[in-house]
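Single-structure report; data block below.
The values are calculated or read from the model by the stated rules, or taken from the named source; none is laboratory data. Since the structure is predicted, the reported quantities are computational estimates derived from the model, not experimental observations. We place every Cβ from the backbone using ideal geometry, glycine too, and count neighbours over all the protein chains shown.
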Amino acid sequence: MSLLNATQVEGGYGGMNILKGVDMAIDKEDIGVIVGPNGAGKSTMLKAIFGLVQVNGGDIQLRGQSIANLAPNKLVELGMGFIPQEKNIFPSMSVEENLEMGAYIKPHTTKRMLEKIYSFFPPLLEKRKQPAGELSGGQRQMVAMGRALMTEPTLLLLDEPTAGLSPLYMQEIFDRIVEINKAGVGVLMVEQNAKQALEIATQGFVLASGQNLYTDSGHNLLNNPEVAKSFLGG
Amino acid sequence: MNELVFFINKVLISGAVSGSIYAIGAVGVTLVFSIMRFAHFAHADQMTFGALIVFFLTALFPGSGAALGIPTPLLMLPLAMAVTALLAIGIDKTFYKPLREHGVKPIVIVIASLGVTLMLQGLIRLFSGTSSRSMYIEETKAIFRLDLPFDLAARPLVITEPQITLIVFTLLAVIGLHLFLNRTRTGKAMRAMSDNVDLARVSGIDTNKVVMVTWVLAGSLAAAAGTFLSMDVSLSPDLSFFLLLPIFAAAIVGGVGHPYGAIAGGYLVGYAETLSVFNWTILLRPLNNWFPEWVELPRNLSLVGTEYKIVVPFFILVAVLIWRPTGIFKGKVI
């Protein structure tokens, strides 16, 4: 049984289906990467899994339990974490308060997890009293990831974690994602930097017009000439 | 010396009194705005409503505060704060929540709150009539006259019991609010929701609960401010009419969505009002001998007449919106 199993998901905003039957399965050893052209429904799929987009058909299961259309706070309790693409921090709150908000539903673990997050992202320890809005882009992304990790999720969803970051930070964030995955957290992310992302992916999903086009390991997708030509810029 | 005492009585004390009322009111407006992103026009009527509850309770049990040595309205205040908090939650559940869940634009909820204002004003008049009433039933207001230890000062400092209680209450409310927002889990969740609603929801914060806590704070503070004001002057059903503009001016001057800004804005508007209606001739008169002969002090040297006090917050509001639309503290631009 997979950690996450989405079958024939249909959904979208206000009755309009952007997703037209998408399948996706992720295990806890997996790093799943969703790639595809603009408007393919990549972010919509991620949001549908996290209860932010109405699911109108198909089913989404977490460890065999249906989670379609559950509220995000219920999903956090079930062990999911979500990092939105932008506006993924509380800018006027300090770094530490940002992290505390991540553990809102599990306040008793806050202290232990803070130490863990600070040792995982050492730059955040120095800046823990600073408003998160004053940090650099890469450090903000660390705050965003730290916040989502505070509940010790078993499945982490990331919406374009490297958008707008310099190549140096991009590699750093990908390295961290691999480390998080090795610690036993299933990862599913949407990425524009498709090539670099597929290099670390165990599962790759190519979406187009709200449907699966290719589903394979990251390695195979990178070596698939048709995928390379159409979606990876040759 | 007497003139200085007069200045303290007329400006420092009365500015602190109206400033405190505006500050408490503006905090409520700003909290509601920062969580739900709409200007709540019915806020001032919750003040009148709270004061009315205190009045009814006082009329039902007159003199019951004597046992504790406090005025009865003060004894009834906590109960009225709770009732007003419930009213605020009820109004939200009935009128604003359905609109919010439909995902309407904030302006629609603002208009709804205008409707609630009219409704509340009608209800208040239905039950209390249109006349003003004293909050002191079978009791007298304690007035303290503090003689100053100077020979030259023949006039005493005058301050009333509700004024002292109001200033102390405001101070405690500010400290309490600060600790609540910075030290408690729910307070931090409120700040988080004000910062980024979507991320708050994604983090597992129960946004409905935060909304409820916001109404409890706004409603109970409104009831307190209304009661203190009514104890200081009198309870009249059009109380809110004269409060709405200064309170919104205070919230906007301070930077909307910024609780500390609202407090600063409240005192700024309060003092601006009292300073502009103060007759400065009184302070200048003792210096008359030093002026050249051709200077004659006018009898009244106030900026605006008392009856035009309401233009002061209006002017401040316009000035802020033109020159610094985000307010003193950086608030959310509307």
Candidates B:MET135, B:MET193 - the one that is within 14 Å of chain A (Cβ to nearest Cβ) and touching a residue at least 40 places away in the same chain (Cβ under 8 Å): B:MET193
Where A:ASP159 falls short, out of the listed (1) within 14 Å of another protein chain (Cβ to nearest Cβ); (2) in contact with a strand residue (DSSP E or B) (Cβ under 7 Å, 6 or more places away or on another chain); (3) farther than 19 Å from A:PHE50 by Cβ: (3)
Number of positions in region B:201-229 that are within 7 Å of chain A (Cβ to nearest Cβ) and either surrounded by 24 or more Cβ atoms within 10 Å (Cβ to Cβ) or hydrophobic (A, V, I, L, M, F, W, C) (or both): 4
Unmet requirement for A:ARG128, which otherwise passes all of (1) at pLDDT 90 or above; (2) away from every other protein chain (no Cβ under 14 Å); (3) within 18 Å of the chain's Cα centre (by Cα): (3)
Which listed residue, of A:GLY164, A:GLY138, is over 26 Å from B:ASN182 (Cα atoms) and part of a loop (DSSP other than H, G, I, E, B): A:GLY164
Out of B:ILE21, B:ILE53, sole residue that is surrounded by fewer than 24 Cβ atoms within 10 Å (Cβ to Cβ) and under 24 Å from B:MET119 (Cβ atoms): B:ILE53
Count - residues of region A:123-150 that are under 17 Å from A:GLU97 (Cβ atoms) and buried (at least 22 other Cβ atoms within 10 Å of the Cβ): 11
Some residue of region A:204-212 being under 19 Å from B:VAL202 (Cβ atoms) and either at pLDDT below 95 or outside any strand (DSSP E or B) (or both): no
Per-region count, region A:72-82, residues within 8 Å of chain B (Cβ to nearest Cβ) and surrounded by fewer than 18 Cβ atoms within 10 Å (Cβ to Cβ): 1
Flag for B:ILE124 being part of a helix (DSSP H, G or I), within 24 Å of the chain's Cα centre (by Cα) and in contact (Cβ under 8 Å) with a residue 40 or more places away in the chain: yes
Top-ranked residue in region A:38-84 [being of a type in the set (Val, Ile, Thr) and either part of a strand (DSSP E or B) or free of Cβ contacts under 8 Å to residues at least 60 places away in the same chain (or both); ranked as farthest from A:ASP23 (Cα to Cα)]: A:ILE83
Residue selected from region B:71-93 under the condition in contact with a helix residue (DSSP H, G or I) (Cβ under 6 Å, 6 or more places away or on another chain) and among the small types (Gly, Ala, Ser), by the criterion nearest to B:ARG37 (Cα to Cα): B:ALA88
In region B:178-190, the residues that are exposed (fewer than 14 other Cβ atoms within 10 Å of the Cβ), more than 10 Å from chain A (Cβ to nearest Cβ) and part of a helix (DSSP H, G or I): B:LEU179, B:ARG183
Condition met for B:VAL269 (farther than 22 Å from B:PHE6 by Cβ, surrounded by 15 or more Cβ atoms within 10 Å (Cβ to Cβ) and within 28 Å of the chain's Cα centre (by Cα)): yes
Region B:19-40, residues that are touching a Lys or Arg at 6+ places or on another chain (Cβ under 9 Å), in a helix (DSSP H, G or I) and of a type outside the set (Phe, Trp, Tyr): B:SER34, B:MET36
Residue count for region B:191-200, restricted to those that are touching a helix residue (DSSP H, G or I) at 6+ places or on another chain (Cβ under 8 Å) and buried (at least 19 other Cβ atoms within 10 Å of the Cβ): 6
Criterion (within 14 Å of another protein chain (Cβ to nearest Cβ), surrounded by 24 or more Cβ atoms within 10 Å (Cβ to Cβ) and outside any helix (DSSP H, G or I)) met by exactly one of B:GLY257, B:GLY261: B:GLY257
Meets criteria (part of a loop (DSSP other than H, G, I, E, B), on the phi > 0 side of the Ramachandran plot and either under 15 Å from the mean Cα position of the chain (by Cα) or charged (D, E, K, R) (or both)) for A:GLY14: no
Region B:309-325, residues that are at pLDDT below 85 and in contact with a Phe, Trp or Tyr (Cβ under 8 Å, 6 or more places away or on another chain): B:ILE310
Exclusive hit being more than 17 Å from B:PRO162 (Cα to Cα) and in contact (Cβ under 8 Å) with a residue 24 or more places away in the chain, set B:VAL54, B:VAL108, B:VAL32, B:VAL104: B:VAL32
Residue selected from region A:85-99 under the condition more than 7 Å from chain B (Cβ to nearest Cβ) and assigned to a helix (DSSP H, G or I), by the criterion surrounded by the fewest Cβ atoms within 10 Å (Cβ to Cβ): A:GLU96
Hits in region A:100-113 (condition: within 7 Å of chain B (Cβ to nearest Cβ) and either on the phi > 0 side of the Ramachandran plot or not β-branched (Val, Ile, Thr) (or both)): A:GLU100, A:MET101, A:GLY102, A:TYR104, A:PRO107
Unique match (being away from every other protein chain (no Cβ under 14 Å) and within 23 Å of A:LEU52 (Cα to Cα)) among B:PRO106, B:PRO162: B:PRO106
